[in-house]
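Inspection log for the structure reproduced underneath, given as structure tokens.
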Amino acid sequence: MLRVRGTTYHFRRIVPPALRAALNRREIWVSLKTGYQNEARKRASILHARTTELFSQAQSVLAEPDALSLLEGLRVALRDLQSVNLPSSAREVGSVPVSAPMPKPRTVNKPAKALKVAPLMLSGALKRFVLDNLHASADTKKATQRL
């Protein structure tokens, strides 16, 4: 069963009541380490198959007389479920998992930022638009000069 905690999907499966004492677990809860639902479904299906196999092995081990030593191996296998990988048969063939990391995109050099221009103050505006203006009359310049 898939669960979302925050932005990450988790796999959750209840351990059958007959196996709880043997595996020392009531449920299996594994982070799928992805926020993408399709990828989480793929990983969850792999984990579901692994846990089904683990449960069937545990039931067959409980029927044998030397069950205690074999159960420890199953408990270790249960701890190994934390690593969500493809089955070993897929790794031997050399196939690439669907969740293989994508290559990093090439970085594009950003153009240099333009220098910031200081804000235009009132005295600067007066000088620029009136006093230095060739078309302004002498009376306008005289009337707007600073005292």
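The values are calculated or read from the model by the stated rules, or taken from the named source; none is laboratory data. This is a predicted model, so every value here is computed, not measured. Cβ sites come from the backbone with ideal geometry, for glycine too, and all protein chains shown count toward neighbours.
Brief remarks on what is shown
- Out of LEU115, LEU147, sole residue that is hydrophobic (A, V, I, L, M, F, W, C), at pLDDT 70 or above and either outside the structural domain of LEU54 (by TED's automatic domain parsing) or assigned to a loop (DSSP other than H, G, I, E, B) (or both): LEU115
- Within the stretch 33-54, considering residues that are polar (S, T, N, Q) and part of a helix (DSSP H, G or I), the one nearest to ASP80 (Cα to Cα): THR51
- Some residue of the stretch 20-32 being surrounded by 13 or more Cβ atoms within 10 Å (Cβ to Cβ), out of contact with any strand residue (DSSP E or B) (no Cβ under 8 Å at 6 or more places or on another chain) and assigned to a loop (DSSP other than H, G, I, E, B): yes
- Of the residues making up the stretch 55-70, those that are at pLDDT below 70 and of a type outside the set (Ser, Thr, Tyr) are PRO65, ASP66, ALA67, LEU68, LEU70.
- Selection within the stretch 1-19 - outside any helix (DSSP H, G or I), touching a Phe, Trp or Tyr at 6+ places or on another chain (Cβ under 7 Å) and closer than 18 Å to ALA58 by Cβ: PRO16
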